[in-house]
Each structure stands twice: as structure tokens, then as C-alpha cells.
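Reading through the C-alpha cells given below for one structure.
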Amino acid sequence: MKKIGVLTSGGDAPGMNAAIRAVVRTAIYKGMKVYGIRRGFRGLMNAEIDDMDVSSVGEILHRGGTILNTARSDDFKTEEGMKKAINILKVFGIEGLVVIGGDGSFRGAFDLSQRGFPTVGIPGTIDNDIACTEQSIGFDTAVNTVLEAINKIRDTVSSHERTNIIEVMGRHSGNIAIHTGMAGGAEGIIIPEIPLDVDTLCKRIIKGRHRGKSSSIIILAEGAGKAMELEKEIEEKTGMETRATVLGYLQRGGNPSAADIVLASRMGHHAVELLEKNIGNRVVTIKGNEIMDDDIAEALVMPKTFNEELYQLSQVLSI
Ligand code: F6P
């Protein structure tokens, strides 16, 4: 394979630029030509395709977001959209594609592979909800961003002896909530994977305050509810001043962590090695610190798990 393309799709994640850089420089190092496709699958259908050289990816390693921009595209999901995309790839002589994104992006990669166009997915989403890999690009950075916010909020919550419910992203996954709740010593973690028992949560808050805690931090995954709604219910049940904070999109930005840069670089390199051997229809994964790859179709149907052991441990350690 001598000509490949790379695109980013779905929600952006810190570290995506490191993955793009690794794809471009590995391909050029191997004597391949590489194209950057802007705005995900939508840009692909509009032939928004640029030549990439080694300097195209200079000075981006430390930047969050994606220099190729990203977008969500319903048109691409149609047969006509996919045919248009494949025709455009052929016009440019592109023989293989790297798709950096989440589950939704991998469905697009699978569809292209099914139509005979070799495509390799790289897991890039702060949600870390892609079952076939232990870590997705952006998760480590997002967790550290949330932890910084928790520590800032705890200062003012302690001063006022309040409870604060911090709503974090994750779509339908509680992974960001579990890891940040554990790291931030939260008194409670509410995730979509475990039904909420408000009374038990309120008892924990009251018990903590009575034994001398000056603050209570509750981490709420967005898939399990709205902080603004829970705020009133918890204040009424505990009789304690309660506030809510929705962290929102700051979790998607910022300089990627060293861990995310290294992960993204390793995954980008592996994706190009697969395409070089004409291997497509794969998702790059990390398992036990080893970079591997799985069949896309199998990856898409793997049951999503959550770290119950960490969830239970955080409950024990925050008594
Ligand atoms: O998938 C990443 C994510 O940040 C989710 O955690 C969040 O629910 C979603 O994207 C927001 O999507 P959008 O950027 O399209 O508003």
C-alpha cells in the first residue's frame, strides 16, 4: 500500500493530534504518501483532502483538539454517501484509511471495509467506552482535567461546608466519573451502570459531615442524571447547602497528557503498519500495555464493561 488517508471523526479528544502526527510521519518514513481528510466523513464526501508532509504535523503534539477538524455525518451512513466517499478515495488514489474516533466512527470504518476499502480505526474518545481497548486516546487527559476541577471546587465547598455535585461527561458510560471520583476522593459517585439510591447517598453525606468532614463532593456521570436537578433533592434530604457544577466541554480540551501522547503515538504507528501490509477492518487497541488490534465487527459488538472494582473501592475509601 503506497497511499493512505487519515481523518478524525466524532467528539474530539486531547491526543488526537499526536495520533495524526504518528500516522503521517510513520507513513512518510515508510515511503508512503499520506493525505489529511478534513471534517471527518463529511469532509471525505466533499473531497476536503490535503497532501500531508512531515511539516504538516509539526508543533501540534502539545495541542488538544484535531488539526483536521471533526464532524458528525448522517449522510455518510447512507449507501449513496458511502459510494461517494469510496469514489473520492479512488480518485485520489488513496488505498487505505485511518479513522480516529469513537464507536460511531468505527461503524463508518466497518462500512468502508465491508465495501472492500481497507480501513483501520484508532480509539479516540474521552469517554473510554470502547470495549475492545483498555484505554482510548483522551481519557487520561480528561480525567486529569476533571481532577483539577474537583480540587478547586473542594476548596470553596470546604470553606462553606457544603455539598457539590459535579456533572462529568461520558455519554452513557460512567468511566470518567469512576476514575475522577476515586482520584478526587469523592464521597459519592453516580453512574448509569448502577441504579441511584438517593437515600443511601444522603446518609453517606450526613454521616461524613457528622464525623467532621467539612465538604462533600458527589461525581455525577451525565448519563445518570442532571446535577441541577439532583442538587435540590439532596439539599432537601440532607438539610445541607448543596450546589451543582457542570464541567461540560472543558473536559474535551487542553494539552494532552504525556500518557495520551505516548498512547496516541503508539497507536498511530501501529495503524500504518497494518495498512502497509494491506490489513484493514481492524481497530487498534491496548491491552496490558501492549498495542494490538481487533476485528472491527467483533469490536463493535463487545459488551461494554465498567470498572466495578474501582467503583466499590472508592466507596470504601471515602467513608
Ligand atoms: O463522546 C465524547 C463526548 O464528549 C461525550 O462525553 C458527550 O456526551 C458528547 O461527546 C457531546 O457530544 P457533542 O460534542 O456532539 O455535543
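The values are calculated or read from the model by the stated rules, or taken from the named source; none is laboratory data. Bear in mind the structure is a predicted one, so any value in this text is a computation, not a measurement. In this analysis, Cβ positions are derived from the backbone assuming ideal geometry, glycine residues included, and neighbour counts consider all displayed protein chains. Protein only, heavy atoms only, side chains kept; ligands, DNA and RNA dropped before computing areas. Shrake-Rupley method; radii C 1.70, N 1.55, O 1.52, S 1.80 Å.
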Exercise for the section: Mind listing the long-range amide H neighbours of Ile165? Cut-off is under 5 Å, sequence gap 5 or more, other chains count too, H placed in the peptide plane at 1.01 Å from N. Expected result: Ile218, Arg243, Ala244, Thr245
Handout entry: Choice from Ser159, Ser113, Ser136 showing the highest fluctuation, given a GNM over the chain with Cα pairs closer than 10 Å
Key = Ser159
Fill in the blank from the handout: Any aspartates and glutamates whose Cα falls less than 16 Å from that of Lys203, other than same-chain ones fewer than 8 residues away, would be Glu187, Glu231, Glu233, Glu235, Glu236, Glu241
Handout entry: the range 7-106: C-alpha gyration tensor shape, a/c 1.5 cut-off, then a/b vs b/c
Key = oblate
Exercise for the section: Could you list the trypsin sites (Lys or Arg not before Pro) in the range 258-300 that lie in coil according to DSSP, counting only those with at most 14 other Cβ atoms within 10 Å of their Cβ? Expected result: Lys277
Problem - Sequence-distant residues sharing a close amide H with Met292 (under 5 Å, placed H) - result: Thr285, Ile286, Lys287
Handout entry: HN-Hα J in Hz across the range 22-33 - Karplus 6.51, -1.76, 1.60, θ = phi - 60°, x for Gly and Pro
Key = 5, 4, 5, 6, 5, 4, 5, 4, 8, x, 9, 9
Problem - Expected 222 nm ellipticity per residue - DSSP helices of 4 or more, -39500 (n - 2.57), all of the chain, to 500 - result: -13500 deg cm²/dmol
Fill in the blank from the handout: In debye to the nearest 20, the charge dipole size for the chain, taken about the Cα centre with +1 at each Lys and Arg Cβ and -1 at each Asp and Glu Cβ, equals 500
Handout entry: Percent of Cα-Cα distances greater than 21 Å, calculated over the range 140-252
Key = 27
Exercise for the section: Of the options Leu44, Ile150, Ile28, report the single residue whose Cα projects farthest towards the positive end of the charge dipole of the chain (beta-carbon charges: Lys, Arg +1; Asp, Glu -1). Expected result: Ile28
Completion exercise
A student asked for the Cα radius of gyration and Dmax of the chain in angstrom ought to give 21.5, 70
Exercise for the section: Mind ranking Ile218, Ile206 by accessible surface for me, highest first, 1.4 Å probe? Expected result: Ile206, Ile218
Fill in the blank from the handout: Once the dipole of the chain is set up from charges on Cβ (+1 Lys and Arg, -1 Asp and Glu), the residue from the list Leu61, Phe106, Gly268 lying farthest towards its positive end is Leu61
Fill in the blank from the handout: GluC sites (Glu not before Pro) in the range 45-100 lying in a DSSP loop, each with at most 15 other Cβ atoms within 10 Å of its Cβ, come to Glu59
Fill in the blank from the handout: For Val98, other-chain or 5+-apart residues with amide H closer than 5 Å (H placed, Pro excluded) are Gly5, Val6, Leu7, Val120
Problem - Where the chain is the region considered: accessible area per residue in Å², 1.4 Å probe - result: 43
Completion exercise
Projected onto their principal axes, the Cα atoms of the range 172-319 stretch, largest extent first, over whole-Å spans of 64, 31, 26
Exercise for the section: Output ³J(HN,Hα) for the range 236-243: one whole-Hz value per residue in order, computed from phi by the Karplus curve 6.51 cos²θ - 1.76 cosθ + 1.60 with θ = phi - 60°, and x for Gly and Pro. Expected result: 5, 6, 9, x, 10, 4, 10, 10
Exercise for the section: Give the carbon-plus-sulfur fraction of the accessible surface of the chain in %, rounded to a whole number; probe 1.4 Å, heavy atoms of protein chains only. Expected result: 51
Fill in the blank from the handout: quick note, the chain, DSSP beta bridge pairs, % antiparallel (nearest 5) is 25
Handout entry: In order through the range 102-118: 3J(HN,Hα) via Karplus (6.51 cos²θ - 1.76 cosθ + 1.60), integer Hz, x for Gly, Pro
Key = x, 3, x, 5, 6, 5, x, 5, 5, 4, 5, 4, 4, 9, x, 10, x
Practice task
Compare the Cα positions of Gly188, Ile176, Met228 along the charge dipole of the range 140-252 (+1 at Cβ of Lys, Arg; -1 at Cβ of Asp, Glu; about the Cα centre) and return the one farthest towards the positive end.
Solution key: Gly188
Problem - Subset of Lys207/Lys304; Lys3/Lys304; Lys84/Lys304; Lys152/Lys232; Lys30/Lys84 violating a 27 Å alpha-carbon distance limit - result: Lys207/Lys304; Lys3/Lys304; Lys84/Lys304; Lys30/Lys84
